[in-house]
Structure formats: C-alpha cells, structure tokens
C-alpha cells in the first residue's frame, strides 16, 4: 500500500504534508517562500452540494488551507484553477 500525494506518479510526495502559517517579517522581504496549494478539480458545470458528505469534507480541507495562508478551492476549468492559484497576480 502506498501513501502520500501523487503516489502513482514517478515523483511522489512525502508521506506527510501540511501547512504552517508563517508571518512575513521585514527580514524575509525578497526571500522566496512556498505556498501550500490545493485545487479540487470537478467536471464542467459542477456545483457544490452542501448535503454531500464527501464534498463537505473537501470544502472543510479547502477552508483550512485558505485560513492558514494557502491557496485552495474547487475548479471546474482552467479559469477557476488560475483564479485559485492567483496566476494572474504572478505574471
């Protein structure tokens, strides 16, 4: 049994991943930091169903990531994906 993210890929993640909020201080200006990102891809036309337990759990995870400074959300296409990762802000 395999664990971790992307366990079917040639490059798999660590067994444990997480998010740690970091307060940016003046001494950190100019440094590169990683931002935890989680995008839950859905089919075109999909809408959140608040009574669906699986979707509730996915939303809860997304909410935790966003509350701790990460970037997360549901996406039904490339425009949603770019909005979530704030792609336009970095171009």
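Tally the residues that are farther than 18 Å from residue 79 by Cα and either loosely packed, with under 14 Cβ neighbours inside 10 Å or over 11 Å from the mean Cα position of the chain (by Cα) (or both), restricting the search to the stretch 23-58. Counting residues in the stretch 23-58 that are farther than 18 Å from residue 79 by Cα and either loosely packed, with under 14 Cβ neighbours inside 10 Å or over 11 Å from the mean Cα position of the chain (by Cα) (or both) gives 22. Tallying residues that are farther than 19 Å from residue 16 by Cα and assigned to a helix (DSSP H, G or I) within the stretch 27-61 yields 7. Comparison of 19, 64 shows that the only residue that is outside any strand (DSSP E or B), surrounded by 12 or more Cβ atoms within 10 Å (Cβ to Cβ) and at pLDDT 90 or above is 64. Within the stretch 67-86, the residues that satisfy the criterion of being closer than 21 Å to residue 24 by Cβ and either free of Cβ contacts under 8 Å to residues at least 24 places away in the same chain or exposed (fewer than 14 other Cβ atoms within 10 Å of the Cβ) (or both) are 67, 86. Taking the stretch 30-46, which residues are on the phi < 0 side of the Ramachandran plot and out of contact with any strand residue (DSSP E or B) (no Cβ under 9 Å at 6 or more places or on another chain)? The answer is 31, 32, 33, 34, 43, 44.
The values are calculated or read from the model by the stated rules, or taken from the named source; none is laboratory data. All values reported here derive from a predicted model rather than from experimental measurement. FYI the Cβ positions are ideal-geometry reconstructions off the backbone, even for glycines, and counts take in every protein chain you see.
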